[in-house]
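Report on one structure; see the data block that follows.
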Amino acid sequence: MSLLSAVLLEADKATTKDIKNYLDELSPKLKDLNERVQMLSWSLQQNFIDTYFHFTPTKTLEQLNYKNRKANILFDYSKFKEEVALFIEKFQIKDAIIEDFNNNCKKLEKSVKNFYDLCVVAEGKWILDKANHEFGRFNYIDAILSIKELQSKLCELKFEGNGTKALENLTAQSENQLAIYTAQLSIEWEDIFTWSEKKSVHNILYTLSVLQCDPTLMKKILKSLYVTERMNAELGLFSHFFIEKLLHNVIRYNCEIFTEDPIGALVFNIKIDLNDRNKPNFQTIFNNLTAIFEFLQSTLGSQLEADKTFVEVFADCIQDKFFSKIIEDCIRNNLPSCDSSYQHYKNIVIELDLFNKFLIEQKFVDADESPLNRYINDTECVLYNKKCNKLLSDVRNLLNNSLSYCTISVGSTNDIVNDSILDVSQKDIIYDLSNPLFLPKSVISQNVKQIMTMIIEHLEESVKLPEKYSTQLVMYIKDIAVMYQSIVPKKFKVNLECCPLDIALFFNNCFYLAHSLIGPPWKLTMPAELADLLNTTLLECIQDLRVLGLEKMSLYLQCQKNLITQKIEANELPWTYESYETFDCAINYAVTLMQELKNTWYNILPTRMYELSMCTLIQALCQSMLDRIFADTKSICEDLVFMLAVRFEDTISELLSLFEEPIKFENKINMWSKFIKMPQLLKAQMLEIADLWQNDKDLSQSYACEDIRMIIKMRFPDDKYRLKILKDIQ
C-alpha cells in the first residue's frame, strides 16, 4: 500500500468517527424532543376534543403547564435544527450515510407541524374569551381583528375523527361571536348616523343626523368600522339612499338647505321644492352637493382617524354611480341649447371645474381619474361643435327657401371713385384686403343676409374662446360657402335657367357672400391671426362665388343673345314687305325682352351690372340688325328703306328708355355709333351721303367705305350719277 493510500484511509477513518460522535450526541436530543412533542400534542388534542366536542373540559391549559412546555419545546426545537444544519454543513454528508437519522428528523418535523395546529385550536378558547373581554371595554378593533385572525388560521387546519367536529364547533363559535360584535357595531353606527325622508304634497324633506354627545365613543366606532373593513357594508343602505333619492332630486329640483342643532346631535336638512318648475342650474346643483359633502366630512370625517377620509371611503361605495348620475342627469340633460352664447358654455365649464376640484380636494376621486376631466377639457369643444353643427343645419334649412321668397336691399350708392369698389365690369382689378370694400346697392335673398348675420355672430363669440375654436369655425364658414355653391344651383336649376329675377338674385347673393366673406376687412374687427386665417382660407371660396354668379348670369345672357340673333337672321332674303314684317317682329321680341328684363332687374342688380347686362343684349341686337341690312346688296324700294329707317329710329328710342339716367352707349357698345347713324344713311340722298362721308368724322370712323357704297347700291338705281358718287367714296 502506498503512502498516499494509507493517509487517505486514516483520514476516512477519522471522519467516520467524528460523524458517529455527532450522531451519538444528536440522537438523544431528537428522541427527547419527539417524546415531549407527542406528549403535549396528545394532551392538547384531548383538551381540544373535551372542550369543543364533549363540552366537558377535564384539564385546563394552565394545569397542563402549556405555556412553559410550549416555549421550551419551541426553543429546543429551534436549537436542535441549528445543530443539525451545522452538522450537515460541516461534514457535507449525503442522505444515504445518515438515512435513519434523517427519517427521524422528518418525523419530528411532521409532529411539530401537528403540534402547531393543536396549539392554534387549544388557544382558541383563550382568544375568544379575551375578545369578549375587549369588546366589553369597547375595544371593538382588538376584539374583531383577533377573531378574524383566529378564523384565518382555523380555515387552514384539518383534523381527523372527533377533531373534525371539534374544529367545526370552534369555528362556529368564532363566527357567532364575530356576528354579535358586528351586529353591535352596526347598532352603535345606526345610533350615530341616521337619515330619513318625509314626503308631502308640495315638498320632500331629507334629513341627515349625526350624534355629537360622546365624541370618544364615536371615534372608536368609526375607526372600528374602518379597520375591520365594515365601513363600506354599513354605508350600503345610505349609499343607495344618497344616489337614488337625495342626489336624484337635488339634480332635478331646487331645494333649500338648513341645519339644526338639537342637544347631542347635528341635523342637516335638504328640503326639495316640488312646486318649483324651474330646474336648478349647474351652479345651484354643485353648491348643494358641495354643502352635503362638507357636512358629512365635517361631522363623520372629522372623527374618522384613518389613512382615508370619510368622503374617500364613501366614494368607494358610490363613485361609479355618482358620476354616472351627474353626467347623464345633470350635465347632459342641462346643457344649454345651441342658441346660447359661448360665454354661457364657458360658465358651465368653470362650474364643472370648481366642483371637480372640490371632489379631488375631498379625495372623492383622484385628479387623473375623474370622469369630469373629459367634460371639463372637452365641453367647450363639444358645445362649440354642437353650435357650429347647428349653424350648418340652420344654413341648410335657409338654403331650401326660394331665391325670391323674401328679399332685402343691401349696399349703398357711392359716387366717389374708390379703388376698392366691387365693380364686376372692371377687369384685372386687384382688391386690397386691408381696405374696406364698397358694396353697390342691390337686392339679395333675405336668407343669405341671415346666413352672414349668423356667421358674424359666431365669429364674434368665438374670439372669446381658445384659438383652436376660432380656427375650427373658419373651416365651418368655408363649408357654408361651398354649400351655397353646391346646393342652390342644383336645387333651383330650372329657375337659374329660365327665371330672370332668380338669376339676378343668385348673382347678387354670390357677390354679397363674396363681399361679406372678405370682411369689413377682418383686421378691423378680429385678431390679426384670425383675420389672416380668414383671408387665406376663404380667398378661394370668395373667387369661386364670384365666378359662379357671373357664370349663371353669362349663360342666361348668352342664351338671350342667341335668341335675338336667330330671330333677326331668320327672315328670308331679299327685302320684301314679308321679310320686313319678320324683321320687325324679331326686333319687337328683342325690345320686349329687354323691357321685361328692365322691369325685373332694374333696382335689383347693382347699377353697373344692370348696365353691363343690358348693353350686352343691346350689342347683340345692334349687331344683328346691322348684319341683316348688309346681308343683301339687292336694291330695295324706297318705301321699305323708309320703313327700315323708322324701325332703326324707334329701336334707338326704345333702347334709350331702358335706362332711367342717360349713359354713354358709345363707351359700352362698340357699334353704337354705327347703329345710330343707320337711320340717317337710310334717309339721306345720294349727294348728302357723299358729303357726310367727306365731312362727318363719326361716320367715317364707324363705317368702312365699302359699307357706304353698299348702302348707295341698295337704295339708288344704277346710272352714271351713282357711278360718279361711288368713285368719290374711297
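Using a probe radius of 1.4 Å on heavy atoms only, what accessible surface per residue do you get for the chain? Whole Å² is fine.
Per residue, the chain has 52 Å² of solvent-accessible surface.
With a/c under 1.5 counting as rounded, go ahead and sort the range 536-615 into rounded, prolate or oblate using the C-alpha gyration tensor (a ≥ b ≥ c being the square roots of the eigenvalues; past the cut-off, prolate if a/b is larger than b/c, else oblate).
Working: a/c = 5.19, a/b = 2.47, b/c = 2.10.
Judged from the Cα gyration tensor, the range 536-615 comes out prolate (a/c at least 1.5, a/b above b/c).
Among rounded, prolate and oblate, which fits the range 198-280 when a ≥ b ≥ c are the square roots of the eigenvalues of its C-alpha gyration tensor, a/c under 1.5 means rounded, and a/b larger than b/c means prolate?
oblate
Amide H of A265: which non-local residues (sequence gap of 5 or more, or other chain) have their own amide H closer than 5 Å, using H built in the peptide plane?
Q212
Given labels modelled 7 Å from the Cα in the Cβ direction, how far is it in nm from K245 to T56?
It is 5.6 nm.
Using the alpha-carbon centroid of each, what span in Å lies between the range 192-235 and the range 449-506?
Rounded to whole Å, the Cα centres lie 61 Å apart.
Quick one: angle between helix 467-491 and the longest Cα principal axis of the chain, in degrees between 0 and 90, rounded to 10, please.
Rounded to the nearest ten degrees, it is 50.
Which whole-angstrom value gives the distance between the alpha carbon centres of the range 106-125 and the range 507-549?
93
Among the lysines, which have Cα under 16 Å from the Cα of K720 when same-chain residues fewer than 8 positions away are ignored?
Filter leaves no residues.
Tabulate in residue order the Karplus-calculated ³J(HN,Hα) for the range 105-122, using 6.51 cos²θ - 1.76 cosθ + 1.60 with θ = phi - 60°, rounded to whole Hz; enter x for Gly and Pro.
Working through the residues one at a time gives 5, 5, 5, 4, 4, 5, 5, 5, 4, 5, 5, 4, 4, 5, 4, 4, 6, 5 Hz.
Can you return the lysines within cross-link range of K81? Criterion is Cα-Cα under 23 Å, with same-chain partners fewer than 8 residues away left out.
Excluding near neighbours in sequence, the set is K17, K20, K29, K31, K67, K70, K90, K94, K106, K107, K110, K113.
What does the C-alpha gyration tensor say about the overall shape of the range 232-326? Classify as rounded when a/c is under 1.5, otherwise prolate if a/b is larger than b/c, or oblate.
Here the range 232-326 falls in the oblate category.
Of the accessible area of the range 512-607, with the probe set at 1.4 angstrom, what percent is carbon plus sulfur?
After summing per-atom areas, the C and S share lands at 54 percent.
Rounded to whole Hz and in sequence order, give me ³J(HN,Hα) for the range 291-299 from the Karplus expression 6.51 cos²θ - 1.76 cosθ + 1.60, θ = phi - 60°, writing x for Gly and Pro.
Along the range 291-299, the couplings run 4, 5, 5, 5, 5, 4, 6, 6, 9 Hz.
If you take the beta carbon distance between L723 and C585 as r and set R0 to 45 Å, what does 1/(1 + (r/R0)^6) give as a FRET efficiency, to the nearest 0.05?
E(calc), rounded to 0.05, equals 0.75.
Could you derive backbone 3J(HN,Hα) for the range 220-227 from the dihedral phi with the Karplus parameters 6.51, -1.76 and 1.60 (θ = phi - 60°), listing whole Hz in sequence and x where the residue is Gly or Pro?
Listing the rounded values in order: 4, 5, 5, 5, 4, 4, 6, 5 Hz.
To make sure I understand the rule: partners must be lysines, Cα under 29 Å from the Cα of K493, and not fewer than 8 residues away in the same chain. Which ones qualify?
K390, K427, K441, K449, K478, K552, K561, K567, K598
Carbon-plus-sulfur fraction of the accessible area of the range 105-192, 1.4 Å probe, in percent?
Within the range 105-192, the accessible surface is 52 percent carbon and sulfur.
How large a share of the accessible area of the range 229-307, in percent, is made up of carbon and sulfur atoms when the probe is 1.4 Å and the other protein chains stay in place?
So the carbon and sulfur contribution to the accessible surface is 44 percent.
Could you work out the local net charge near Y721, counting Lys and Arg as +1, Asp and Glu as -1, over the other residues with Cβ closer than 12 Å to its Cβ? Walk me through the intermediate numbers first.
Working: positive: K720, R722, K724, K727; negative: D718, D719, D728.
Net charge around Y721: +1.
The values are calculated or read from the model by the stated rules, or taken from the named source; none is laboratory data. Computed from a predicted structure; not experimentally measured. Every residue, glycine among them, receives a Cβ derived from its backbone with ideal geometry; neighbour counts consider all protein chains shown. Keep in mind that these areas ignore ligands, DNA and RNA; they rest on the heavy atoms of the full protein, side chains included. Shrake-Rupley method; radii C 1.70, N 1.55, O 1.52, S 1.80 Å.
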